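Participant: Let me begin by handing over the structure; questions about it come next.
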Amino acid sequence: MLSNYSRSASALKTLLQQNGIRHASVLQVIERTPRHLFIDDVLKHKAYENTALPIGQGQTISQPYIVAKMTELLLDAGVKGKVLEVGTGSGYQTAILAQTFDEICSIERIKSLQWQAKRRLHQLDLYNVAMKHGDGWQGWSSKAPFNGIIVTAAAKTVPEALLEQLALNGVMIAPIGESEQTLMLFRKTEQGIQSEQLAAVRFVPLVAGEIVL
Ligand code: SAH
């Protein structure tokens, strides 16, 4: 018999499909990833709703639609191989990426969130993720270059260090702005960086500077 959670995960998959997510692989990964494991007990009953939810420390787990969409955008852009995620948060997007790409590097500035996320990924037997506690504005130069970069917090200006760490033909998807944010796609080409505006979005800010222990 299916558990309530797997029934709900299947309903979430159908909803995302109706909302325009097309990649079968992304939909399958959403269906088999237990989002309730990434959420505090008191909110678990909302785990399979298509909403962002608080995860403590003033942060949120992203809405499933945006997680699926950003993953799909990387696939549509032809990204394969190594992907950097900035803003691990709950680790849910990390888990989706880890089941879609070969190798994931993920940076989080809040140590307690990073720890919890690491535990959850191991619980799900996802071992192709390297995690770092640090400032995502700086990227992860020793792991660069990256074929894809996904930023899950809004940067008020374009993070140049991240663009530098993209491989040639690599793509970065990032929300840019403060009160008004636009999801943007950047591609590194022989001629330089090409950018495209995708949609209006709402993310927590990509905080500059100090690291919270
Ligand atoms: N994809 C995550 C989103 C979490 S919210 C999820 O679905 O759970 C964004 C995360 O970015 C927060 O955890 C926040 O602490 C982190 N963050 C904000 N600024 C950062 C920075 N400069 N470096 C690394 N992480 C940062």
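Just so it is clear, none of the values below were taken in a lab; they were calculated from the coordinates. Because the structure is predicted, anything quoted here is derived from the model rather than measured. Every residue, glycine among them, receives a Cβ derived from its backbone with ideal geometry; neighbour counts consider all protein chains shown.
Participant: Mind checking Rg over Rh on the chain, alpha carbons, Kirkwood formula for Rh?
Facilitator: Reported Rg/Rh, Kirkwood definition of Rh: 0.94.
Participant: Another question about this same structure. Roughly what % of DSSP beta bridges within segment 1-139 run antiparallel, to the nearest 5?
Facilitator: Around 25 percent antiparallel, to the nearest 5.
Participant: As I understand it, the value is the acute angle between the Cα axis of helix 4-18 and the longest principal axis of the Cα atoms of the chain; what does it come to in degrees, rounded to 10?
Facilitator: Approximately 50 degrees, to the nearest 10.
Participant: Using label points projected 7 Å from each Cα along Cα→Cβ, tell me how many nm separate I211 and A161, to one decimal.
Facilitator: Distance between the two pseudo-spin positions: 1.1 nm.
Participant: Here is a follow-up. With both partners inside segment 54-201, how many of the DSSP beta bridges are antiparallel, as a percent to the nearest 5?
Facilitator: Antiparallel: roughly 50 percent of the beta bridges in segment 54-201.
Participant: Please identify every one of the GluC sites (Glu not before Pro) in segment 40-101 that sits in a loop by DSSP and has no more than 16 other beta carbons within 10 Å of its own beta carbon.
Facilitator: For GluC sites (Glu not before Pro) across segment 40-101 that sit outside H, G, I, E and B with at most 16 neighbouring Cβ atoms in 10 Å, the list reads E49.
Participant: Can I ask one more? If the only charges are +1 at each Lys and Arg Cβ and -1 at each Asp and Glu Cβ, what is the size of the charge dipole of segment 54-201 around the Cα centre, to the nearest 20 debye?
Facilitator: With only Lys, Arg, Asp and Glu charged at Cβ, the dipole is about 440 debye.
Participant: Which loop-located chymotrypsin sites (Phe, Trp or Tyr not before Pro) does segment 39-129 contain, where loop means any DSSP state but H, G, I, E or B and the Cβ has at most 14 other Cβ atoms within 10 Å?
Facilitator: Passing sites in segment 39-129 are Y127.
Participant: Can you bin segment 108-179 into rounded, prolate or oblate? Criterion: square roots of the alpha carbon gyration tensor eigenvalues sorted a ≥ b ≥ c, rounded for a/c under 1.5, prolate for a/b above b/c, oblate for the rest.
Facilitator: Cα axes put segment 108-179 in the oblate bin.
Participant: Over the alpha-carbon set of segment 90-213, work out the extent along each principal axis and list the three values in angstrom, largest first.
Facilitator: 41, 31, 25
Participant: Take I110, I193 and order them by how many other Cβ atoms sit within 10 Å, fewest up front.
Facilitator: So the ranking, lowest neighbour count to highest, is I193, I110.
Participant: Going toward the positive end of the dipole of the chain, with +1 on Lys and Arg Cβ and -1 on Asp and Glu Cβ, which of N169, L206, Q63 do you reach last?
Facilitator: The Cα lying farthest towards the positive end belongs to Q63.
Participant: Separate question: Taking a 20 Å limit on the Cα-Cα distance, which of the listed pairs K80/K188; K80/K111; K80/K118 fall beyond it?
Facilitator: K80/K111; K80/K118
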